[in-house]
Amino acid sequence: MPDHTTAEVEQRGVCVVSELWEHLSRSWALQILGELNGGGTVRFNELKRRLTGITATTLSERLKEFENDGLITRRIYPEIPPRVEYSLTEDGKDLSKVIEQLDRWIRSRQSKKLL
């Protein structure tokens, strides 16, 4: 087992956070996670309807990224026409809780600045 310096371990941790942050900072990413967090299992077209203004291409790209990241599950039903449903994994639910906490923190900071 290789011996890693503290700096190497810290750098790797920063890289992981940077990768995740890169995905979360893309257009519509947080809104998609929010809809899935509040909506349980959702079909593609329903999700698209809820996210007014998102293109099918962008939604599809973000869903694929989140599936690859292990944040959502994609379930395909063998029907005609095919039915596909998306939902958060446990990791996705955990991340959504962190995002909600960050949102509350940002809002509290904004209200303090206004006083």
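Each reported figure results from applying straightforward, stated rules to the coordinates on display, with no laboratory input. Everything numeric here is computed off the predicted structure, so don't read it as measured data. Neighbour counts run over all protein chains shown; Cβ positions are idealised from the backbone, glycine included.
Modelled spin labels at T89 and E67, positioned 7 Å past Cα toward Cβ, are 1.3 nm from each other. At full extension, N45 and Y77 could sit 10.0 nm farther apart than now, given 0.36 nm per residue minus the alpha carbon distance.
Relative to the longest principal axis of the Cα atoms of the chain, the long axis of helix 6-24 makes an angle of roughly 30 degrees. Measuring nothing but alpha carbons in the chain and taking Rh as the Kirkwood radius, the Rg to Rh ratio lands at 1.08. With a simple spin-label model that places each label point 7 Å from the Cα along the Cα-to-Cβ direction, the separation between S108 and H23 comes to 2.8 nm. For K48, the lysines whose Cα falls under 25 Å of its own Cα, not counting residues fewer than eight places away in the same chain, are K64, K93, K97.
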